[in-house]
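K.L.:
First the structure, then my questions, so here it is.
The values are calculated or read from the model by the stated rules, or taken from the named source; none is laboratory data. What you see is a predicted model; the values in this text were computed from it and never measured. Backbone-built Cβ (ideal geometry, glycine too); neighbour counts: all protein chains shown. Accessible surface is based on the protein model in full, side chains and every heavy atom, while ligands, DNA and RNA are left aside. Shrake-Rupley method; radii C 1.70, N 1.55, O 1.52, S 1.80 Å.
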Amino acid sequence: MPPRQDSVRLPMMQPIRRPSIIDQAELELRNAIFVGDLRPGDTIPEVQVSKQMGISRSSLREACQRLVRDGLLTQIPGRGLFVTTMDAGTLSDFIDYRLGIEMQAATNVAEHVAALRADGDEEQIPALLFPLRECVERTRRALAAGEVIEAGNADLDLHQRLAEISRNRFLVTAMNTIVILTRMGTFSDPRGYGVRADLTDTHEQLVAALEAGDASTARKLLRESLRALAARLRGDEEEQDLVRDPDLLESDGPEWTTLEGESPTL
């Protein structure tokens, strides 16, 4: 009887390759949206952007379509591509989606902590939650220094880390897009980019609940925090509860420059 490997038909495999141009273009656009170089309502002029990136227009189109599928870009027939602007209905749906993802992540982490404690492995808990505590301290330092955007970055990093230590790759993938959508929502606020003044207190309570293995309290804190975020973006939250950066107002659109120095057109 011949060896099995001589009789098995292998499926067709794609050659292993480095990250493609399309992958890199997608990442560049995602980063530009996250840091605020691209704001809600900004256009993505195909000719200028493809020349600036040094890629073909077809490659740029494919990268943009990935972002359209994720809700980061909106395609309007006859007008082109725009960074998505969240209206009240979209924001409400998004918060519901984010709640589902984050409350499951918090449940996973709290249950893992409880299991470690039950197994007598309590010494592993501080290391497990260290990334969250690190984000809390970053938030505290940023607020003390009046660095509003850094406080917001630390906040988003904490929620991303929560998904990562949940040990569920699907939750992590979802949070990769959620943090950018959240940033888009906060950049859409015409009063300026802002964060809650008591952000550190909220984070500390969440980490304490996770450390106690209390999934119910962790979910409750997340629910309250995210509903407060929705209220803030609707303009329902008291202004004195916020720290704002008036220099980070909603953009009127980027100045797209190209290697040839052409004027931007859609």
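K.L.:
Quick one: if you stick a label point 7 Å off each Cα along the C-beta vector at GLU224 and GLN24, how many nm between them?
P.N.:
For the pair GLU224/GLN24, the computed spacing is 4.8 nm.
K.L.:
Which shape class applies to the range 116-194: rounded if a/c is under 1.5, otherwise prolate when a/b exceeds b/c and oblate if not, where a ≥ b ≥ c are the square roots of the Cα gyration tensor eigenvalues?
P.N.:
oblate
K.L.:
What ranking, highest mean first, results for peptides 167-179, 213-225 when packing means the other Cβ atoms within 10 Å averaged over each residue?
P.N.:
Taking the mean over residues of other Cβ atoms within 10 Å, the ranking is 213-225, 167-179.
K.L.:
Cα centroid distance between the range 66-122 and the range 155-202, in Å?
P.N.:
So the two Cα centres are separated by 8 Å.
K.L.:
Which length gain, in nm to one decimal place, applies between GLU204 and ARG61 when the Cα-Cα distance is subtracted from 0.36 nm times their residue separation?
P.N.:
47.2 nm
K.L.:
Tell me the per residue accessible area of the range 58-148 using a 1.4 Å probe; a whole number in Å² is fine.
P.N.:
51 Å²
K.L.:
Multiply the residue gap between ARG234 and PHE170 by 0.36 nm, knock off their C-alpha separation, and tell me the result in nm, one decimal place.
P.N.:
Contour length minus Cα-Cα distance gives 20.1 nm.
K.L.:
Once you have the Cα-Cα distance between ARG244 and ARG79, take 0.36 nm times their residue separation minus that, and quote the gain in nm to one decimal.
P.N.:
Full extension from ARG244 to ARG79 adds 56.1 nm.
K.L.:
Quick check on packing: order 121-133, 188-200 by the mean number of other C-beta atoms within 10 Å, highest mean leading.
P.N.:
188-200, 121-133
K.L.:
For the residue pair ASP37 and ASP70, what label-to-label distance in nm results when each label sits 7 Å from Cα along the Cα-to-beta-carbon direction?
P.N.:
In this crude spin-label approximation the distance works out to 1.5 nm.
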